[in-house]
Amino acid sequence: MGLIKWITGLLGFLFGGGIIGGLIGYAAGSLLEGLVKKEYTTGTQRQGDFSISLLILAAQVMKTDGKVMRSELEYVKAFFVRNFGVEHTNNRLEILKELLKKNIDINEACSQIRTSLNYSNRLQLLHYLFGIACADVACSQKERDMIHYISQLLWLNEADYKTIEAMYFKNSDSDYTILQIDKNATNEEIKRSYRKLAKKYHPDKLSSLGEDAKRAAQEKFQEINNAYERIKKARNII
């Protein structure tokens with residue numbers, strides 16, 4: 001629910017009003033490729049561009065392992081219902097279904113997102129993608145690799161990607177990965193890294209996205225605090 005709350009804040013901030021309604025009014029299917037091309041080349045509806053970009057990334061993650069799970073579709077449906085209401089959700093799902101059948105270059109989608117979101121918000125977008133991938137409980141390695149590739153197209157730092165990935169896939173080194181440090185780091189290096197990450201991932205970075213977004217970001221921010229506390233306890237750091 002926290003991730004859906006973040007998406008609610010994000011889309012509410014980006015989309016505002018009737019532009020999306022007009023965009024989604026286009027028929028899916030044969031018109032889709034022309035729609036995407038038109039929206040990217042004219043630049044007249046950047047908000048619409050961004051909506052299509054999110055659908056493209058969602059579709060790419062969903063189909064990358066060769067199977068689209070009902071739980072993934074339900075996840076996407078739930079976030080669209082939450083953000084846009086039931087009335088328009090079916091139209092958006094039709095577009096998504098067409099995207100799942102087509103090979104569409106995600107470079108343009110990521111380029112649009114880079115111009116629409118600042119760095120902190122692009123990091124939050126990874127939580128949306130991991131949420132889709134983990135909707136069927138077992139996230140495949142192919143899905144993880146695709147999200148990693150998307151993070152590179154979004155110009156996200158490798159260490160930042162690994163921080164977020166480690167929040168979803170735990171192992172004995174996860175706490176250190178989340179804090180972007182080696183297990184052999186000194187106590188002072190651990191403290192320094194924590195302070196740096198606490199500043200970078202603080203929910204106030206998303207203040208423009210509203211209270212729902214801040215609450216969802218707080219949940220992930222707490223992951224960093226928890227990792228730090230576990231390391232402190234294991235090392236007896238005061």
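The values are calculated or read from the model by the stated rules, or taken from the named source; none is laboratory data. Only a predicted model underlies this, so the values are computations on that prediction, with no experimental measurement involved. As a convention, Cβ positions derive from the backbone with ideal geometry for all residues, glycine included, and neighbour counts pool all protein chains shown.
Counting only residues that are in contact with an Asp or Glu (Cβ under 8 Å, 6 or more places away or on another chain) and either among the charged types (D, E, K, R) or surrounded by 17 or more Cβ atoms within 10 Å (Cβ to Cβ) (or both), the range 71-115 holds 4 of them. Filtered by the rule that a residue be part of a helix (DSSP H, G or I) and of a type in the set (Val, Ile, Thr), the range 66-80 gives a lone residue, Val76. Exactly one residue out of Leu126, Leu179, Leu154 is surrounded by 19 or more Cβ atoms within 10 Å (Cβ to Cβ), under 28 Å from Leu55 (Cα atoms), modelled with pLDDT of 90 or more and not basic (Lys, Arg): that is Leu154. There is no residue in the range 220-233 that is small (Gly, Ala, Ser), farther than 27 Å from Thr115 by Cβ and modelled with pLDDT under 90. Any idea which residue in the range 156-195 is farthest from Gln60 (Cα to Cα), counting only those that are basic (Lys, Arg) and part of a loop (DSSP other than H, G, I, E, B)? Once the filter is applied, the top-ranked residue is Lys183.
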